[in-house]
1. Restricting attention to segment 247-280, and to residues there that are at pLDDT below 90 and among the hydroxyl-bearing types (S, T, Y), which single residue is surrounded by the fewest Cβ atoms within 10 Å (Cβ to Cβ)?
2. Which ones in segment 414-457 are in contact with an Asp or Glu (Cβ under 7 Å, 6 or more places away or on another chain) and surrounded by fewer than 13 Cβ atoms within 10 Å (Cβ to Cβ)?
3. Does N311 fit the bill of being within 38 Å of the chain's Cα centre (by Cα) and surrounded by fewer than 18 Cβ atoms within 10 Å (Cβ to Cβ)?
4. Please tell me if K880 is touching a Lys or Arg at 6+ places or on another chain (Cβ under 9 Å) and open to solvent by less than 40 Å² (accessible area, probe 1.4 Å).
5. Pick from L641, L634, L665, L629: which is of a type in the set (A, V, I, L, M), open to solvent by less than 30 Å² (accessible area, probe 1.4 Å) and either out of contact with any Pro (no Cβ under 6 Å at 6 or more places or on another chain) or in contact (Cβ under 8 Å) with a residue 40 or more places away in the chain (or both)?
6. Would you confirm, using the coordinates I've provided, whether C362 is at pLDDT 80 or above, in contact with a strand residue (DSSP E or B) (Cβ under 9 Å, 6 or more places away or on another chain) and part of a strand (DSSP E or B)?
7. What residue, among those in segment 570-584 that are buried (at least 24 other Cβ atoms within 10 Å of the Cβ) and among the aliphatic types (A, V, I, L, M), is nearest to M263 (Cα to Cα)?
8. Can you tell me how many residues in segment 431-461 are touching a residue at least 60 places away in the same chain (Cβ under 8 Å) and within 21 Å of N276 (Cβ to Cβ)?
Amino acid sequence: MASVRFTVTPTKAEDLPGLSDTSPDLSSRSGARVRFGSRESVNRSDPLSEASGGLTTSATAGGGGTDTPDHSNAEQGDGNSKISSVYINNSHGVDDDDFYDRNLALFEEEMDTRPKVSSLLNRLANYTNLTQGAKEHEEAESIGEKKKTSKSPQMGTFMGVYLPCLQNIFGVILFLRLTWVVGNAGVLQALCIVFICCCCTMLTAISMSAIATNGVVPAGGSYFMISRSLGPEFGGAVGLCFYLGTTFAGAMYILGAIEILLMYIAPKAAIFESKNPDGEGAAMLNNMRVYGSICLLLMSLLVFVGVKYVNKLASIFLACVIVSIVSIYIGALVSAFKPPNFPVCMLGNRTINGHEIYDSQCGKTFLLQIQEPVERDDANVTVFYVENSTVGPTFEPTRAPAQVEKATSLWKQFCDGLELNASCDEFFKANNFSQIEGIPGLASGIISENVWSSYLSKGDVVEKGSLSSSHGLHPASTHQPYVFADITTSFTLLVGIFFPSVTGIMAGSNRSGDLKDAQRSIPIGTILAILTTSIVYLSSVVLFGACIDGVVLRDKFGDSVKGNLVVGTLAWPTPWVIVIGSFFSTCGAGLQSLTGAPRLLQAIAKDNIIPFLRVFGHGKANGEPTWALLLTALIAELGILIASLDLVAPILTMFFLMCYLFVNLACALQTLLRTPNWRPRFSYYHWTLSFLGMTICLALMFISSWYYAIVAMVIAGMIYKYIEYHGAEKEWGDGIRGLSLSAARYALLRLEEGPPHTKNWRPQLLVLLKLDEDAHVKSPRLLTFASQLKAGKGLTIVGTVVSGNFLQSYGEALAAEQTLKHLMDKERVKGFCQCIVAQKPREGISHMIQSSGLGGMKPNTVVMGWPHAWRQSEDPQAWKTFINTVRVTTAAHLALLVPKNISLFPSNSEPCTEGYIDVWWIVHDGGMLMLLPFLLRQHKVWRKCGMRIFTVAQMEDNSIQMKKDLATFLYHLRIEAEVEVVEMHDSDISAYTYERTLMMEQRSQMLRQMRLSKSDREKEAQLVKDRNSMLRLTSIGSDDDDDTDGGERDRAASGGGGGGGGSSEHHRRVQMTWTKEKTSQYRATHSGCSTPEGFRDMLSIRPDHSNVRRMHTAVKLNEVIVNKSHEARLVLLNMPGPPKNPDGDENYMEFLEVLTEGLERVLLVRGGGSEVITIYS
């Protein structure tokens, strides 16, 4: 083999003018010069591709030739540039490109379906991150559309993942509710709440990182990951739950912003006000609804106008969040040296509402001191405040002015009047006012009081446990100026309210399409963001407990500190930093939710797995989801109408927890199933961590609100079932399919351990259907009957046999399989199709019966149709195949069901009117006759039918005792049926029976003679054809004769029973070598059938005694059955077995015909030899 030397000379990009895919002159460009040094060099031009920019390769022979940039002339250049045409026929003008794969010539015919590895790698190398959620979307949308060149993603870990996650995780709960959570739960339980929630998100982030790094994740976020890991059903259900959670999160952020606006920025902007303290809560909710709806409208318009404005504002909002959090830490450190002055007024141990102290005096009375008592000018009045003044007036000894004791504004609210002797509240009389510092500071040791929980019921007064009070059991009135708890708090409630503050961990994965290296950035950025926020939350809990007094912490709206935001009282340098910062950050989070939720809904709609959501997949020309935004705004309005932040938070907690639960489930499933495609780059995961995260998610759902959890699960379940029944079929290689495979394998191996118990026996059907020349099913009602028998349960295999050679008939087999599948869908039969190609139908059926099923899931019952008009058919193939199938099922120990007159059976849309299903139990073959009517009556078609069981008593039987025993047996079987014993008396064989038998045998003999004469004619033609050659004939006659006589040949070879001589002679006849003499001799001895004497001999035969007896039984049974069951909706009957001697096959068909004459619908039943029904539990 000649050696080849490659020399590659790269060319700079600037040396290639006009390098673009749109340039018309591709052949004039030279990208790299490759020289082949060998005795024979081949001029080869690579196929042009978009990825290579149209670079071509030129070759020179021996290194001494000149470059030939134009390859249009194939003969140009070296004379050896082309392989000699002596060896390759190039008469059709085939280009050199057709021969560059001469090393892969074996595979050239399959290049369409099995591309070369090089071209496959070329396509993979040109992969770019898709802007839409799934590759399937892009493929569907790119048809007929011009592809646009997309910018290469440039965002890194910090800007693309870390900061978006921070912005989405930090939110309204940190500023509005975390102090309240600490005050109620105490530092220890608050740390526990924060730690559990952060563990949940951390474990979910680990699972999400594993999924996100298992291949390229287009921009679809959690929905894309779950749907591609768990399948369209789970993906759609969880995707919609995540959508609802994001939408309600937008409502929660808007409510938080409005709460900050109306409580702390502009309290006078309230539209609704109530003078009655009991109505203040309702008025506040109405204000929230009005302003929240206006804010939602403005935000929706901003999102509709353009997302680019939202993205520009995002950095400003994030800066507000960071500045606010930094101010809290600085304020906490400053409070250790110089605590801020926020006094809190206390009556005993009860907290007084700062809004109700109109004169800024925390006391019962105060003194009016008059400078000049004679003139009593108001201008010269000096007020000396004496705290809790209940003693006599005090005087300055030098001036001796006049002093008057006056009641404070608080006195008016506890007493009936302003007089000092007015009747007052008992608790007011027994306790004094005092002032405490609301922010004692970091060095005060107040954390010792805030360590333990202090849960309150709705209407309870916020109290300080370390202060003493008398008459502590005296109830407080809502008309008094205390700080009251607005809702009943508990550990579980606080979990549900706090959890939304740790959501938002999906922000990085949602931007995976914009990341430079998503598989590296998503795990690092997300986990760092969760660690950062967890540290902030945990340290904030400790700082709040160490710096702020417990009564202020439990004061949700800051009433005790005159309406200041509680977390703002700790901030440095002023509370307005927190108020303004939290307001803008909350608005920004709301805008992000209203931006993300419609896109998530659009991705779900474009996947086309939920039909009624298709309209939301459309949007503006630039792809903005207009309709999805409209629906999102309407759903968010429902959350705003709830108007309470504390009621909306648990709702979105449920939806987010369910989403996180399924992310963990997806990772655990993929890990445990060891799917070959499961190869995440992120290796710090384990299935135990995923299961722990899943368990925590499930526990948090029921801890926070068990009824919300049930509602969320019901919603997800309904969506799942809807997609399962009405959604589009998608095959995404998801983990649930893998789980199904593992479960099926495990179950099949378990079933293989032993035969099924009688109690577990159920008909596993193999339905044999016949197709006509146009590939249409001849008896579709057979499948209808199978569906009624199964009532949609158990295994059903629908099979057919296509005659021919598998290599030539493979396409017909596929078409037949599709026909069966369509029919199964139409009849709603759940099962499998099997199509076998065989030279002869009987062989195909035999193979199918032997090979159908897998392990313990093999069919135990064969359903086949009755061969119609078998008497009139010249071709005996149909009924011989039928009898052969009966023999095969018997040999395989399978049950057999043969519906006769199947076209008269009811369809699934034709329920039977009231009537009876009659069972004629003649012989016991496992109890199939008892079980089948019970199964049929489970279906709506046969439900109204009653059941009657007939059995036959002979002369020696006690019919009365038989009836009792049968009734007892049915009672123990728990089957309701009428019982009747039919007595069949011994009677002489009637002339009708004799004549019927005689006619049957004469007909059989005549048909046999006719087939023999036909066979002789075919043999003569064969002799003429082969007269000049001596051939050993392996087959004489038609396929029908071969089928007819095959059993006889087998028995002749084994020396079987009566008639063996004739069979042996025929066997020798088939195997002999024919000569003229032997032909003449054979024709002389076998030509009697064509003479009149032969027919006279046939007419003079006498019927066989055994045939007469069988005919007698058939006639008598038919008389009894027709007499009793002529009006029955269905008659079930034991099917007699075929004769052991195949010579009587035609007689067997006649017996079955006589047995079922005069009956409209008959089901012939043949048991498989095992018990299928039992009286034991």
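The values are calculated or read from the model by the stated rules, or taken from the named source; none is laboratory data. Keep in mind that what you see is a predicted model, and the values were worked out from it rather than measured. Ideal geometry is used to build each Cβ from the backbone, glycine not excepted, and the neighbour counts take in all protein chains shown. Surface accessibility is based on the protein's heavy atoms, side chains included, excluding ligands, DNA and RNA. Shrake-Rupley method; radii C 1.70, N 1.55, O 1.52, S 1.80 Å.
1. Looking at residues that are at pLDDT below 90 and among the hydroxyl-bearing types (S, T, Y), I get S274.
2. If the condition is that a residue be in contact with an Asp or Glu (Cβ under 7 Å, 6 or more places away or on another chain) and surrounded by fewer than 13 Cβ atoms within 10 Å (Cβ to Cβ), then S423 is the only one that fits.
3. Considered against the rule, which asks whether it is within 38 Å of the chain's Cα centre (by Cα) and surrounded by fewer than 18 Cβ atoms within 10 Å (Cβ to Cβ), N311 comes out as yes.
4. Yes: the conditions hold for K880.
5. L629
6. Working: at pLDDT 80 or above: yes; in contact with a strand residue (DSSP E or B) (Cβ under 9 Å, 6 or more places away or on another chain): yes; part of a strand (DSSP E or B): no.
No: the conditions fail for C362.
7. Taking the candidates together, the pick is I578.
8. Qualifying residue count for the region: 1.
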